[in-house]
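Working notes for the structure below.
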Amino acid sequence: LKLEMPSVNLDREVAVLATVPGVVQSLKRCAMTWQKLISGVLKEQLEKVPEGNSPLAEINLWRENDAALRALTGQMKLPEVQKIMEILQKAEPEFTGDLQIVLSDLKKHHMEAQDSAKFLSTLERHLKNLSTGTGVDVISNVIPALLNALRLVWIMSRHYNKDASMVPLLERISWEISERARRAVNLETLFKQDTATAKKKITEAKHTLEQWKKCYFTTCIQVEESGSKRYWKFDVKSLFEKTDYMVSICQDLYDIFQVAEELQNIFIPELKTVSENPKGVDALQREVNIVISPMEDLRFDPFRVENARDWAVIMEEFREDVVVEIVEQIFVQNLKDPPLYKNHPPVAGAISWSRSLSHRLRHTITLFQQEKELLASKRGQEVQQKYLQLTKKMEEYEAKKYRQWRDRAEHVLPLLLKDTLLTLSSATEEPVSIRKSVSCALNFSPEIQEIITEAKYMEQLGLPIPEMARYVALQEDKYLRYTNKLKVVLSRYNKLMEMVSEAEIKLLDRQVKELWRILKAGQKRLTWKSVGIGEFIVQCTQTIGRLELLVRQIHQISEDINSKLQFIESTNLFKFPHSKNGDKCPGAEEFFDYVKCERGKDVEQLVRTYSAIPPLLIEVERRVAYTNSGKSPKLASYYAYWENRIYQALIQLVVK
């Protein structure tokens, strides 16, 4: 694109050169060459179209145009060229008219290319991310940022502020987004992947397509609210007809994998663990695979709008097979032990399971009935008849399940509510036997909680609840509060009984009997219909609390006595003198005098330590029997226990 320069000498003044005929003729020939070159370049650049459908191709085209026209524009600004134009203008003004028109076109188109390349470059990063970014990133960031950048281009650009320029660019972006979705949902590999991965890819593709449309209309509103007089009133069909159709295909594909997942990952494992007919389960597995297999061998592209009818036929066949064949087998195979939804009780869960199958039947049959041609066919009549028979079986199954639960609840609830709060493993009245042989447990039947849960779910299913079951369900929070508090009481009680020794149980005879008397009320008198449960729990809590405090105090005193006995037991009554290096060894008399003297000191300390024990025992008497005589009959066995411990400590002292 280099301009050809004349071979004449242009060192003289413009006015002088304009009068030299040879120079003027040479310059005219050169100018005509320029005009022809520039016109040709303009024609060539204006006829160029982007290579491919990508929006990046449009950016590249404008950059090429800008580079080519900038090269010519830059040369036309050279001093030598400017001088030639001045000479021709002075010599033959009428000659330069056509050239000036061409130069004006060059300037106009160069400014347009420069402006377009500059503004479209702000889109390049977003467009590249659109092509290669991760699914979540595209949905959450790239598409909104891209449309915001497009809005700014619309407002500020001198070229892309017209429908004729912006619409083709938007169509290219729509194409890029649809291609992205097509690449993500590649049917050649999609059905070879695990269900979770396939569903994730389909969901990301669908959300990307939906986000494109949503962000577009948001941007339309922003353009209007910005005060711009040029609104986005583009042809929506050209932008979204294809992507909207692809959204529907993605939903169909998701439904296929969802059904396959339900059949294979939910029902099939349950069947394999409980079925008495493993071969029947394997046959059902093959049926599931047969239903899906046509999707893997499609001979057309379902994402193309022109194939919509073919795809509709495939989906109808899929729905028929799933509804009529597979669902019926699932229902029959799982009647005795249906797979339950999470947290669902057995009966309401079974009814919910049956209704979910029935709902799938009803939903698909409704779609099927809308196709009058299919409905009128022999196959259509068979499908409809089988549907009616199957739904009748399901309704009878649900009614039987509900009736059995209702009768059971009405019969068993009154009996369960007559249960006492607690159960004891022994009816003995001797508190000394509590720690060894008597356990105390909560007597709240799990069946009550199950009936409550069943009643709540039955009500959600729209089924009538027996009055007694409704009453109990309304008291659920109260029962939960009572059982939780009683569990805490029993945990503290059992832990306390594990803490005390045989001697301590005898020592605390009166306090243990008092606690025993209160617990007996929960084992003999109070039932789950009683009104005094809360007061009973308070009494238990307070009594156990007082006993826990007393036991801790006794244990602290016991630890103090134990430490004194350990001191007595470990005392050395024969301490020998220590001879230092170089000192003379003591004689026998001096040696034994030293031992006797040291033993006298140690014995005095032993007597003081021993004398500190009786006050501690009297402190126990004061806390337990409320006396301080040191002779309480209630503490006889406790005193005997410590007397024996002291005796054993003295024996160990002497033996050592």
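One table, with the values for the structure above:
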| item | result |
| --- | --- |
| Candidate set from the range 521-556 (those that are assigned to a helix (DSSP H, G or I) and touching a residue at least 60 places away in the same chain (Cβ under 8 Å)); member that is farthest from Lys634 (Cα to Cα) | Ile533 |
| Unique match (being closer than 27 Å to Glu504 by Cα and outside any helix (DSSP H, G or I)) among Tyr626, Tyr641 | Tyr626 |
| Tally, over the range 192-231, of residues that are open to solvent by less than 80 Å² (accessible area, probe 1.4 Å), in contact (Cβ under 8 Å) with a residue 24 or more places away in the chain and within 23 Å of Tyr160 (Cβ to Cβ) | 11 |
| Residue within the range 519-540 that is aromatic (Phe, Trp, Tyr), assigned by the TED database to the domain that holds Leu442 and touching a Ser or Thr at 6+ places or on another chain (Cβ under 9 Å) present | yes |
| Residues being acidic (Asp, Glu), without any contact (Cβ under 8 Å) to a residue 40 or more places away in the chain and surrounded by 11 or more Cβ atoms within 10 Å (Cβ to Cβ) - total across the range 602-656 | 3 |
| Matching residues in the range 147-188 - criterion: being open to solvent by 50 Å² or more (accessible area, probe 1.4 Å), without any contact (Cβ under 8 Å) to a residue 40 or more places away in the chain and either under 11 Å from Ser54 (Cα atoms) or not basic (Lys, Arg) (or both) | Leu152, Met156, Ala164, Asn186, Glu188 |
| Qualifying residue in the range 6-13 (condition: at pLDDT below 85 and either outside the structural domain of Leu106 (by the TED database) or touching a Cys at 6+ places or on another chain (Cβ under 7 Å) (or both)) | yes |
| Some residue of the range 545-557 being aliphatic (A, V, I, L, M), under 45 Å from the mean Cα position of the chain (by Cα) and open to solvent by 20 Å² or more (accessible area, probe 1.4 Å) | no |
| Total residues in the range 186-233, condition touching a Cys at 6+ places or on another chain (Cβ under 6 Å), closer than 18 Å to Leu146 by Cα and not aliphatic (A, V, I, L, M) | 1 |
| Cβ pairs under 6 Å, 6+ apart, first in the range 35-48 and closer than 19 Å to Gly74 by Cα and free of Cβ contacts under 8 Å to residues at least 60 places away in the same chain, second among the aromatic types (Phe, Trp, Tyr) and loosely packed, with under 11 Cβ neighbours inside 10 Å | none |
| Selection from the range 327-346 of residues that are touching a helix residue (DSSP H, G or I) at 6+ places or on another chain (Cβ under 6 Å) and outside any loop (DSSP other than H, G, I, E, B) | Val327, Glu328, Gln329, Ile330, Phe331, Gln333 |
| Every residue from the range 442-492 that is in a helix (DSSP H, G or I) and either hydroxyl-bearing (Ser, Thr, Tyr) or in the same structural domain as Arg355 (by the TED database) (or both) | Thr453, Tyr457, Tyr471, Tyr479, Tyr482, Thr483, Ser491 |
| Residues satisfying the stated conditions in the range 88-116, i.e. at pLDDT 90 or above and of a type in the set (Gly, Ala, Ser) | none |
| Number of positions in the range 96-110 that are in contact (Cβ under 8 Å) with a residue 24 or more places away in the chain and either open to solvent by 80 Å² or more (accessible area, probe 1.4 Å) or over 57 Å from the mean Cα position of the chain (by Cα) (or both) | 8 |
| Subset of the range 128-138 [touching an Asp or Glu at 6+ places or on another chain (Cβ under 7 Å) and buried (at least 18 other Cβ atoms within 10 Å of the Cβ)] | Leu130 |
| Some residue of the range 577-597 being hydrophobic (A, V, I, L, M, F, W, C), in a loop (DSSP other than H, G, I, E, B), touching a helix residue (DSSP H, G or I) at 6+ places or on another chain (Cβ under 9 Å) and open to solvent by 30 Å² or more (accessible area, probe 1.4 Å) | yes |
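The values are calculated or read from the model by the stated rules, or taken from the named source; none is laboratory data. Small disclaimer: the values here were computed from a predicted structure and weren't measured. No Cβ is skipped: glycine too gets one built from the backbone with ideal geometry, and neighbour counts run over all protein chains shown. Protein only, heavy atoms only, side chains kept; ligands, DNA and RNA dropped before computing areas. Shrake-Rupley method; radii C 1.70, N 1.55, O 1.52, S 1.80 Å.
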